[in-house]
Amino acid sequence: MSALFRDAGYEVPELLAYIDNLERENEKLKLENRKLKADAVRRSPSAQGMNSRLKDALRE
């Protein structure tokens, strides 16, 4: 995005730095989101899909 601003002639250094920072943070959050989704899939116990009545019956 910042390359687009530079190409368009917008040379506000603070704005470019802010946009670059947002792009880096966005990439970090995307990676973290992928990791958390993968962790959730691995941790997903089969008991979560069980009906609550079945869970109660198994506890007794």
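The values are calculated or read from the model by the stated rules, or taken from the named source; none is laboratory data. Being a predicted model, the structure only gives us computed values, none of them experimental. These area figures cover heavy atoms from the full protein model, side chains too; ligands, DNA and RNA do not enter into them. Shrake-Rupley method; radii C 1.70, N 1.55, O 1.52, S 1.80 Å.
Please turn the phi angles of the range 24-35 into ³J(HN,Hα) values with the Karplus equation 6.51 cos²θ - 1.76 cosθ + 1.60 (θ = phi - 60°), one per residue in order, whole Hz, x for glycine and proline.
In residue order, the calculated couplings are 5, 5, 4, 5, 4, 5, 4, 5, 5, 4, 4, 5 Hz.
Hey, if we sort 37, 30 by accessible area with the 1.4 Å probe, largest down, what's the order?
The most accessible residue leads, giving 37, 30.
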